[in-house]
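**Q** Pasting a structure below so you can have a look.
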Amino acid sequence: MPAIELRDVHKRFFIPHEKHTTLTERLLASFRPRTYERFEALRGVDFVVEKGSAVGVIGGNGSGKSTLLKIISGLLPPDRGTVSVDGSLSALLELGLGFNNELTVRENVELYAAVLGYPRREVHRRVDAAIDFADLERFRDAKLKNLSTGMRARLGFATALQAESDILLLDEILAVGDADFQLKCLNVFEDLKRRRRTMVLVTHDLRQVQRFCDEAVWLQNGQIAAAGDPDDVIRTYVATIGKAADAIEPRQYDRVEGDVRVREGWIENTDGKRVGRLRSGESGTVVVLLDVVRDVSEPRIGFGFKGEDGVFLFSNHTQSLGVRTAAFPAGTVVEMRGDFLAALRNGRYEVSVGVATTDGNTFIDLVDGVTSFVVHGSRCQVAMGDLGATAQYLDLQADIRWQIAPEGTTRQELATGPAVAARDQGGRAR
């Protein structure tokens, strides 16, 4: 049986068109009928979450995301349809809901613990753990009203995480507080994924859906518009709202200096599909298009990965791999493809691309953040690299190749046209 199953769920709300604030208005309104607008929050939603999976729910404001979570949690009854939940459930919908400003930090956590059903024998230990996780040890005896909004959110988040439950429902609260606390939150959810806790995450942060979720569901006007692989669903969602999403779309650049300019880049998996995330140990390919403005002879081309802390983790270039590019004539497009292995810790990595002169002393173009990708499913928790992902780690990442085509060549032509011959003749590292 799935952890969560909704079948043909409907939910509507009635919004009054009139608001009466005075006694006279109320008396006059009693002699005429009140009018309402019917708002269909959910319309025939079928929603299944398998045990141990993480599902991200995306969509615009008013699309029904929060209503969906409230119906799953039992806070709202559906007007029609069935809801089945197999397992204990914790709903982190509004952090700190039920906190009392006149009670101390510790007293509030103890009160919240009773509501969330902390194991009775472990209440004291878990209360201390929640306060410590929220970095509020100094304020345990201070009244809640003296804490900042951010400190309250941290306390609510830390307290809710201490509850024992099979299923977590999360509404826009994946990362709260300052940067240091956000990193702690992200590490907690990485651990929850490793422990195969069932999670449903509602968020506008598409990158977090890519990073943590096995499946994405796009809600639009109370109905499921798309569901499945996070990359595919996010790409479809982004296309409909006419915005560029850094999490999935290549970035565009308008550079004025240099004889070669980085146009765009993206990540492909082994099937040649453009993706925004890779499982640890999976092979990927960095694809970069370069515009040649003026003739260039045998430039050095390379790429590198930068972690979320800004530290470069890996870089390589044509010369270090024993690859000589070619003379690139003005008005052509160069496609550079670099194979690598995602043997890294879970997280987001930005791709930097550099083009330099043959001797490497001068950069012709250098762009940080040409594209990015997420690594998930890693067994590595502390170090940055997951060398245990495969025994062929060093062999698979030493591969860069290139091809040349006239300016204006389409991506399909780059992949299947005459330019492939140039790559086969000498553009691949051996």
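The values are calculated or read from the model by the stated rules, or taken from the named source; none is laboratory data. What you are looking at is a predicted structure, and each value in this text was computed from that prediction instead of being measured. All Cβ positions, even for glycine, are placed from backbone atoms using ideal geometry, and neighbour counts span all protein chains on display.
**Q** Any residue that is under 23 Å from HIS204 (Cβ atoms), modelled with pLDDT of 85 or more and not in a strand (DSSP E or B) - is there at least one of those in the stretch 276-290?
**A** yes
**Q** Give just the number: which of (1) part of a loop (DSSP other than H, G, I, E, B); (2) at pLDDT below 80 does ALA330 not satisfy?
**A** Failed condition: (2).
**Q** Just to be sure before I move on: is THR325 in a loop (DSSP other than H, G, I, E, B), touching a residue at least 60 places away in the same chain (Cβ under 8 Å) and surrounded by fewer than 16 Cβ atoms within 10 Å (Cβ to Cβ) in the structure I sent? Quick ask: steps written out before the conclusion?
**A** Values: in a loop (DSSP other than H, G, I, E, B): yes; touching a residue at least 60 places away in the same chain (Cβ under 8 Å): yes; surrounded by fewer than 16 Cβ atoms within 10 Å (Cβ to Cβ): no.
Spelling it out, it is not the case that THR325 is in a loop (DSSP other than H, G, I, E, B), touching a residue at least 60 places away in the same chain (Cβ under 8 Å) and surrounded by fewer than 16 Cβ atoms within 10 Å (Cβ to Cβ).
**Q** Related question: Go through the stretch 241-275 residue by residue and tally those that are modelled with pLDDT of 80 or more and polar (S, T, N, Q).
**A** Initial filter on the stretch 241-275 (modelled with pLDDT of 80 or more): 259-275.
Checking which are polar (S, T, N, Q) leaves us with 269-270.
Qualifying residue count for the region: 2.
**Q** Right, something else. Could you list all residues from the stretch 188-222 that are within 17 Å of TYR349 (Cα to Cα) and free of Cβ contacts under 8 Å to residues at least 40 places away in the same chain?
**A** ASP205
**Q** Can you tell me how many residues within the stretch 305-322 are buried (at least 17 other Cβ atoms within 10 Å of the Cβ) and among the hydroxyl-bearing types (Ser, Thr, Tyr)?
**A** 1
**Q** Still on this structure, please answer the following. Tell me, which residue of the stretch 115-133 that is touching a helix residue (DSSP H, G or I) at 6+ places or on another chain (Cβ under 8 Å) and within 25 Å of SER73 (Cα to Cα) is surrounded by the most Cβ atoms within 10 Å (Cβ to Cβ)?
**A** ALA130
**Q** Next up: Test LEU394 against the criterion of being farther than 23 Å from GLY272 by Cβ, more than 20 Å from the chain's Cα centre (by Cα), modelled with pLDDT under 80 and not assigned by TED's automatic domain parsing to the domain that holds SER53, and give yes or no.
**A** yes
**Q** Turning to a different aspect of this structure: Looking only at the stretch 110-130, decide whether some residue is within 30 Å of ARG348 (Cα to Cα) and modelled with pLDDT of 85 or more. Write out each step before concluding.
**A** Residues of the stretch 110-130 within 30 Å of ARG348 (Cα to Cα): 129-130.
Now restrict to residues that are modelled with pLDDT of 85 or more: 129-130.
Among the residues of the stretch 110-130, at least one is within 30 Å of ARG348 (Cα to Cα) and modelled with pLDDT of 85 or more, which makes the answer yes.
**Q** If I go through the stretch 96-149 residue by residue, how many of them are under 27 Å from ILE167 (Cβ atoms) and in a helix (DSSP H, G or I)?
**A** Total meeting the criteria: 23.
**Q** Out of curiosity, is VAL233 surrounded by 20 or more Cβ atoms within 10 Å (Cβ to Cβ), touching a Ser or Thr at 6+ places or on another chain (Cβ under 9 Å) and either outside any loop (DSSP other than H, G, I, E, B) or at pLDDT 85 or above (or both)? Give the steps one after another, and end with the answer.
**A** Details: surrounded by 20 or more Cβ atoms within 10 Å (Cβ to Cβ): yes; touching a Ser or Thr at 6+ places or on another chain (Cβ under 9 Å): no; either outside any loop (DSSP other than H, G, I, E, B) or at pLDDT 85 or above (or both): yes.
When the stated conditions are applied, VAL233 does not pass them.
**Q** May I ask you to say which residue of THR159, THR82 is touching a Leu at 6+ places or on another chain (Cβ under 8 Å), exposed (fewer than 12 other Cβ atoms within 10 Å of the Cβ) and touching a residue at least 24 places away in the same chain (Cβ under 8 Å)? Let's see the steps before the verdict.
**A** Working: THR159 fails: exposed (fewer than 12 other Cβ atoms within 10 Å of the Cβ).
Going through THR159, THR82 in turn, the sole match is THR82.
**Q** Something else: If you go through the stretch 333-345 one residue at a time, how many are in contact (Cβ under 8 Å) with a residue 60 or more places away in the chain and part of a strand (DSSP E or B)?
**A** Adding up the residues that qualify gives 9.
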